[in-house]
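Shown next, in structure tokens, is the structure this report addresses.
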Number of protein chains: 2
Amino acid sequence: MFLENIRSPEDIKKLNINELNILAKEMRTALINKASKVGGHLGSNLGVVELTIALHYVFDCPDDKIVWDVSHQTYCHKMLTGRVRAFLNEAEYNTVTGYTNPEESKYDLFSIGHTSTAIGLATGIAKERDLKNGKENVIAVVGDAALDGGQSFESLNFAGELGTGIIIVVNDNDMSIPENHGALRNNLNRLHYSSRNCKDNYFKVLGFSYKIIRDGHDLSKLVRTFKEVKNTKKPVVVHVCTVKGKGYKYAEEDKEKWHWAKPFDIKSGIYQSTIPKENYGSIIRDYLLEKITNDKDVVVIAASTPHCIGFNSNARKKAGKQFIDVGIAEQNAVTIATGIAKRGGKPIIATFASFWQRAYDQIEQEMCLNKIPVTMIITNASVYGQNDETHCGLYDIPLLGNIRNLMYLAPTNKEEYINMLEWSINQNKTPVAIRVPWTEVNHSDEDVEKDYSKEKYKITINGNKLAILALGSFYQLGQRIEKFVEEKTKIKPTLINPRYINDVDSETLELLKKNHKYIITLEDGLLSGGWGSRIAQFYSDSDIKVKC
Amino acid sequence: MFLENIRSPEDIKKLNINELNILAKEMRTALINKASKVGGHLGSNLGVVELTIALHYVFDCPDDKIVWDVSHQTYCHKMLTGRVRAFLNEAEYNTVTGYTNPEESKYDLFSIGHTSTAIGLATGIAKERDLKNGKENVIAVVGDAALDGGQSFESLNFAGELGTGIIIVVNDNDMSIPENHGALRNNLNRLHYSSRNCKDNYFKVLGFSYKIIRDGHDLSKLVRTFKEVKNTKKPVVVHVCTVKGKGYKYAEEDKEKWHWAKPFDIKSGIYQSTIPKENYGSIIRDYLLEKITNDKDVVVIAASTPHCIGFNSNARKKAGKQFIDVGIAEQNAVTIATGIAKRGGKPIIATFASFWQRAYDQIEQEMCLNKIPVTMIITNASVYGQNDETHCGLYDIPLLGNIRNLMYLAPTNKEEYINMLEWSINQNKTPVAIRVPWTEVNHSDEDVEKDYSKEKYKITINGNKLAILALGSFYQLGQRIEKFVEEKTKIKPTLINPRYINDVDSETLELLKKNHKYIITLEDGLLSGGWGSRIAQFYSDSDIKVKC
């Protein structure tokens, strides 16, 4: 048992290759055991066991600097840098986060959870090292899918011109969360499988030296190659071909499912929990698949997270040419959708709230300034259920909520969600974003409007003195508060489902002035710059008191 | 005289190559004449005269679709598509905007002013064309500098995999606004100057067929090549090497100066107006150059707009290795700065308000979530003086103003601006953004604070009943209003320079409650999601009335 005695990378430098291989086995067992209990990015981490060992064997951290892109694949790194008990001892499982975290360890440089930024960060470190005449190695570890993000290109383009010593380790497992996409993927495959030097090498185009390790689980080869590039004075790419899920049969067989595993039975590979049969993911998937069948103009666009609308591999196959996954390239997703809609198509893009911010400029400029009728689906717009601060859906309202020409809708239940979608897809006047409720599935007990062209709040309970304006996911909370107030006081409050985030419904708000004195706004999001602040602003020169 | 008779592209199809060459001359004369009177993107447009003629000669717009990236180089396109009088007749000069504009013409597809989006838009159009079994050509015209933007890579990567017919015309003049940057520039130069096929071709890496026109002013060659690629069923790049400023001596000699020309004397090439000697650009340039000399850790970073802080070629040369221009790649600018600061350097990034939105994700995640002390300079944060809706600095407050851990400062005069900069550069706790006043240069008549670590509004006039909170550029407006109110009424208002955009100074705002009833907030920006909305929110449950 080597693993339990690793206190720092110094400890692995004492081992020989055979012992390192045993260490790798122990690490895989620890990864599988922990994930089976608490879930996690199992497949990604199983793929980088040897890569991580070799990095810490050859380089000297924390003096040498490793920046892990996305950093969801750093469980092994954490094991080797003083945090092994968080993987061996069940009672300490939750003492580490799932990403690098400078507050946890001096071996972690940044809290990172979005993709494609590691090369830029590493190049900045290398630039400052040079200005200070430093000598350390600077290494960025990036996945092949992260190379699809434009930011990675920008940084390679810059680092290639800068020309200073920097090592980019490309962990190529030919996967994104689902299968990887893009022409670059083909280039990497040609580099991987062509026996001789392949013409047209992406990294050489951008000024990098290039080395390939075709078996990224061969520790001797990894160690040898890293030793060769150590202390390089030029930018170099080490292309390491790995197998996602390596060493756990089920994870190798279904790489997408095991990218992020839920707690499971190790022997059978069966997940212990199941998703509730009715959820907003499957609802929209079924709805969209039907639309796709009946309308050749409907195109569903994902940016590597098709699962946020339930588009598993079956659904993607069914959708055929009417489904696009652009890879981790949100900016392109938005312009592709804008182009499709301009030509008369009906594009629907879906991704997490916190990833939409990666394409803000394209949304504001190309899509909204031009009033192009794209439908955007914003999922996970909440802090609840997010497993890291980098994935919190906090900023969508300050961002999208203020863009001219964008209609940002907040449905409160399934029927409203579907009707809003249906309306949005069939209109051709305005871009529309829909904030998917981040709750269990609720149902409407009455008919729901079909036309959303007029920005009008919905008064669901007519009361007086106090009005509760409860947006989207927090509408049910508003219902509970309304009941509570009615039971505990003599006041019967008004309850409003505002539905529209961007513009205020001045008419309804004016009306409330007549027989209301207090307004409460509820929303699942930031107070600062939040939706409530525009209600407060509306009433700011009146006698109405607003509490956000 | 052919030009004055061009009513639509149909008219140029009747001309032969000799006549087209005469037309080109006439167009250059018109470009120079108009720019000499009203200014404009002269250099960019002089470079694409033949390219534009050839496109409209070979392709059949508006059935065929041309998407112009950035679209500041479409004066010639406008001349050939029914708008020639806006270039020949001085009285009609202002009947067209400086960018493509669908409201102006059916030949213009989008209102575009930011870079790198044309390939994505064109690919979306091509995708929808295929779903509808359309037959038209889809063409994106992009500059070499626009290829540095990550979005261009994302779109090439996608289009190369999609594999359908699309034509990317790369207008390569080896320039951005200043000189172009990046390893890709070297690749394009190798492709341009290597007599035989160059190994490692960027476009072939990404699945494109490739053709090069080494003299992009040779109409016969342009026409022949475009005819060859017309109706292609595959993605193809036509790499056209042009000379920015072609045909006007001064513009060829100093390409940076003539990218956007001010009114000038044609014969001498001398600008008729001069920049006021004291302006916020030269102030910060002189300040930063001195810092650079005295502190090896200071690094100034631009993203193709160094002129926004006065960094002309002299200043850039002086700054040496402590100046970086990453090209049109704002995302990379932010991560490079973040890496530099993490390693102990003192990076300062500067660009226009409306371009910062292109790197929102990196600002929020890598920089601010990690509390990395980068200094960001936000210029042109106003609608005033912007020559197009795509360049308005409207959204910076909703965007940057709500990011946790970011301190967003609004100086009101030169001394405050410099002191804020000095403080920001020398502290190492927090990322700081500074909203440069968008006014003539004002001076403080008293000592200005040196320490900005505590978020405290500054009460400059102590009054009662009414308080005027006048942010940044609008502080002088606040002074005028204060005087006006004092003169016209018996009220002596309080005047406040808030200085801090992100967090409210609750202490001062609480204090105002004592002897004030009304608050006015002034800011040069959007009301919706603006700074005033958080003041309104603060007082929303009190008796104070707020008018934003």
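The values are calculated or read from the model by the stated rules, or taken from the named source; none is laboratory data. Small disclaimer: the values here were computed from a predicted structure and weren't measured. Neighbour counts are summed over all protein chains in view; Cβ atoms, including those assigned to glycine, are modelled from backbone coordinates with ideal geometry. The protein model used for the area step is the full one, side chains on, heavy atoms only, and it has no ligands, DNA or RNA in it. Shrake-Rupley method; radii C 1.70, N 1.55, O 1.52, S 1.80 Å.
Structure above, values below:
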| read-out | value |
| --- | --- |
| Teacher prompt: A:ALA91 distances to equivalent labels in other copies, 7 Å Cα→Cβ, nm | 9.2 |
| The range B:373-498, relative contact order in percent, only Cα pairs under 8 angstrom and at least six apart counted | 26 |
| Amide H within-cut-off set for A:TYR500, under 5 Å, with H built and near neighbours excluded | A:ALA410 |
| Computed over chain A: relative contact order in percent, which uses C-alpha pairs under 8 Å that are six or more apart | 11 |
| Kirkwood Rh, angstrom, the range B:335-491 [1 / mean 1/r, Cα pairs] | 16.8 |
| By accessible area with a 1.4 Å probe, ligands and nucleic acids excluded, highest first: order of B:CYS392, A:CYS76 | B:CYS392, A:CYS76 |
| Cα-projected label distance for B:GLN427 with B:SER8, points at 7 Å along beta-carbon direction, nm | 6.2 |
| Accessible area buried, both sides summed, chains B and A with 1.4 Å probe, Å² | 9000 |
| Inter-label distance for B:ASP451 and A:LYS513, nm, one decimal - labels placed 7 Å from Cα along Cα-to-Cβ | 4.6 |
| Furthest towards positive pole of dipole, B:SER155, B:ASN201, B:ILE177, structure part the range B:103-204, Cβ charges | B:ASN201 |
| Additional length obtainable on full extension of the chain from A:ASN314 to A:LYS106, 0.36 nm per residue less Cα span | 70.5 nm |
| Alpha-carbon centroids, the range B:139-159 and the range A:118-189: separation in whole Å | 19 |
| Whole-number percent relative contact order across the range B:225-383, with pairs defined as alpha carbons under 8 Å at least 6 apart | 16 |
| Gyration tensor (Cα) of the range A:406-548, equivalent ellipsoid semi-axes in angstrom | 24, 18, 14 |
| 3J(HN,Hα) from dihedral phi, the range A:50-57, Karplus parametrisation 6.51/-1.76/1.60, rounded to Hz, x for glycine, proline | 5, 4, 5, 4, 5, 4, 6, 6 |
| Nm distances between copies for A:GLU290, ranked from closest, using label points 7 Å along Cα→Cβ | 7.1 |
| Computed FRET value (nearest 0.05) for B:LYS488 with B:ASN294, which takes r as the C-beta separation and R₀ as 30 Å | 0.05 |
| Amide hydrogen neighbours beyond the local backbone of B:LYS465, cut-off 5 Å, H modeled | B:HIS516, B:LYS517 |
| For B:ASN426, inter-copy label distances in nm, listed shortest first [label point 7 Å out on the Cα-Cβ vector] | 6.6 |
| For A:VAL70, distant residues with modelled amide H under 5 Å away | A:SER116, A:THR117, A:ALA118 |
| Point-to-point label distance, A:ASN231-A:ILE22, nm (Cα→Cβ direction, 7 Å offset) | 3.2 |
| FRET efficiency, B:THR29 to B:ILE418 (Cβ-Cβ, R0 45 Å, nearest 0.05) | 0.45 |
| Net lengthening on full extension, B:ASN405/B:ASP265 (0.36 nm per residue, minus Cα-Cα) | 45.4 nm |
| Given charges at beta-carbon only (K, R positive; D, E negative), |dipole| of the protein assembly as shown in Debye | 1220 |
| Charge tally in the Cβ shell below 11 Å around A:VAL49, where Lys, Arg are +1 and Asp, Glu are -1, A:VAL49 excluded | +1 |
| From phi via Karplus (6.51, -1.76, 1.60), per-residue ³J(HN,Hα) for the range B:154-167 in Hz, x at Gly/Pro | 3, 6, 4, 4, 6, 5, x, 7, 4, x, 7, x, 8, 10 |
| Axis proximity, chain A to B: residue whose C-beta lies nearest, plus whole-Å distance | A:GLY150, 1 |
| Efficiency of FRET between B:LYS465 and A:ARG190 - r from beta-carbon atoms, R0 51 angstrom, step 0.05 | 0.10 |
| Low-density loop cleavage sites - GluC sites (Glu not before Pro) in the range A:349-450, where at most 12 other Cβ are within 10 Å (DSSP) | A:GLU440, A:GLU446 |
| Derived scalar couplings ³J(HN,Hα) [the range B:237-245; Karplus, 6.51 cos²θ - 1.76 cosθ + 1.60; whole Hz; x for Gly, Pro] | 9, 10, 8, 10, 8, 10, 10, 5, x |
| Cα-based shape type of chain A, given that a ≥ b ≥ c are square roots of the gyration tensor eigenvalues and the cut on a/c is 1.5 | prolate |
| Antiparallel DSSP beta bridges within chain B, percent to nearest 5 | 15 |
